1. How about region 202-232: which of its residues are farther than 21 Å from Ser84 by Cα and within 15 Å of the ligand (Cβ to nearest atom)?
2. Looking only at region 95-150, filter to residues that are under 28 Å from Ser29 (Cα atoms) and small (Gly, Ala, Ser); which one of those is farthest from the chain's Cα centre (by Cα)?
3. If I filter region 234-258 down to residues being outside any helix (DSSP H, G or I) and open to solvent by 60 Å² or more (accessible area, probe 1.4 Å), which single residue comes out as modelled with the lowest pLDDT?
4. Does Ile33 satisfy the criteria of being touching a residue at least 40 places away in the same chain (Cβ under 8 Å), hydrophobic (A, V, I, L, M, F, W, C) and not in a loop (DSSP other than H, G, I, E, B)?
5. Which ones in region 92-125 are under 20 Å from Arg57 (Cβ atoms), away from the ligand (no atom under 15 Å from the Cβ) and either in a helix (DSSP H, G or I) or of a type in the set (Gly, Ala, Ser) (or both)?
6. Suppose we keep only residues that are of a type in the set (Lys, Arg) and in contact (Cβ under 8 Å) with a residue 40 or more places away in the chain within region 48-92. Which one would you say is farthest from Glu21 (Cα to Cα)?
7. Identify the single condition in (1) open to solvent by less than 60 Å² (accessible area, probe 1.4 Å); (2) touching a residue at least 12 places away in the same chain (Cβ under 8 Å); (3) not β-branched (Val, Ile, Thr) that Gly195 does not satisfy, given that it satisfies every other one.
8. Could you list, in sequence order, the residues of region 208-232 that are open to solvent by 60 Å² or more (accessible area, probe 1.4 Å) and under 16 Å from the mean Cα position of the chain (by Cα)?
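The values are calculated or read from the model by the stated rules, or taken from the named source; none is laboratory data. Every value quoted in this text rests on a predicted model; they were computed, and no experiment measured them. Every residue, glycine among them, receives a Cβ derived from its backbone with ideal geometry; neighbour counts consider all protein chains shown. Areas reflect the complete protein model, heavy atoms only, side chains present, ligands, DNA and RNA absent. Shrake-Rupley method; radii C 1.70, N 1.55, O 1.52, S 1.80 Å.
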Amino acid sequence: MKSRLDPRTPLLEGRDGPPFEAVNVDGGSNVVIVCDHASHRVPRRLGTLGLGEPRLRGHIGWDPGAAAVARHLSTELDAPLVSSGFSRLVIDCNRPLRSEQSIAEESDGVCIAGNRGLSPEERRVRADALFHPYHDAIARVLDRRTGRPTVLLSIHSFTPVLSGHARPWNVGVSSRRERRLASLLVAELRADRDGLTVGDNEPYAIDDDLDYTIPAHAEARGLPSALIEIRQDGIEKPADARAWAERLAEAVRRTKMS
Ligand SMILES: [Zn+2]
């Protein structure tokens with residue numbers, strides 16, 4: 001099942017599409033939005049990584065609903081958005097390249113056969129084709145805003161059940177160095193009329209071994225940031241994703257940091 005690559009041949013073919021999508025890069029908002037796990041696509045040269053299509057389209061392959069929320073939020077706020085173009089299972093754009101989970105050999109109990117026993121060269125090919133172009137695109141968006149107030153919002157979704165454990169939060173907001181934006185967002189979301197259960201650094205906290213985007217782009221530049229995780233069953237339907245984006249946009253506006 002494993003796809004051996006000739007490292008001299010580019011990973012992406014024309015039909016694969018680009019490694020990232022950047023929209024509204026000159027948007028007027030102070031907010032820049034990123035979506036690390038926006039897609040479940042796999043480059044054709046890698047087949048299906050040894051997985052069935054339903055697995056790739058499940059939560060281990062991407063963050064279902066997150067791309068739709070991010071896109072609507074970009075429109076609502078007039079904010080730039082950079083989204084990754086390929087599955088986190090090919091290479092995870094929110095893991096440091098040194099992390100064992102950068103190219104996961106297993107995810108939520110599922111063996112990823114196409115990721116087993118990769119050579120350093122094969123790993124480099126994936127990083128060069130997907131990871132670096134995505135992060136270079138985020139850096140370019142931030143570079144052209146130098147001198148303007150800017151906050152970074154990273155949009156994710158999480159599975160309602162992980163390793164057999166049900167997770168109670170409707171949404172989680174994570175932050176580390178610069179806590180003000182996240183604290184304000186937690187307060188706004190907790191005040192929502194729907195009585196949301198809001199995690200503060202839950203279900204995930206920012207971690208140097210497991211996170212790349214917030215440390216590399218926001219913390220390194222001293223920018224306020226928040227990583228927002230929405231439970232996937234709340235954004236599966238397009239109308240629900242739109243409603244969540246509108247709710248987030250309202251919460252972000254009320255922080256007065258947008
Ligand atoms: Zn994610």
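1. If the condition is that a residue be farther than 21 Å from Ser84 by Cα and within 15 Å of the ligand (Cβ to nearest atom), then Glu202, Pro203, Ala205 are the ones that fit.
2. Per the stated criteria, the residue is Gly147.
3. Lys256
4. Yes, satisfied.
5. Gly109, Ala113, Gly114, Asn115
6. Filtering first and then ranking leaves Arg55.
7. The failed condition is (2).
8. Once the filter is applied, which keeps residues that are open to solvent by 60 Å² or more (accessible area, probe 1.4 Å) and under 16 Å from the mean Cα position of the chain (by Cα), region 208-232 yields Asp208, Asp209, Leu210, Tyr212.
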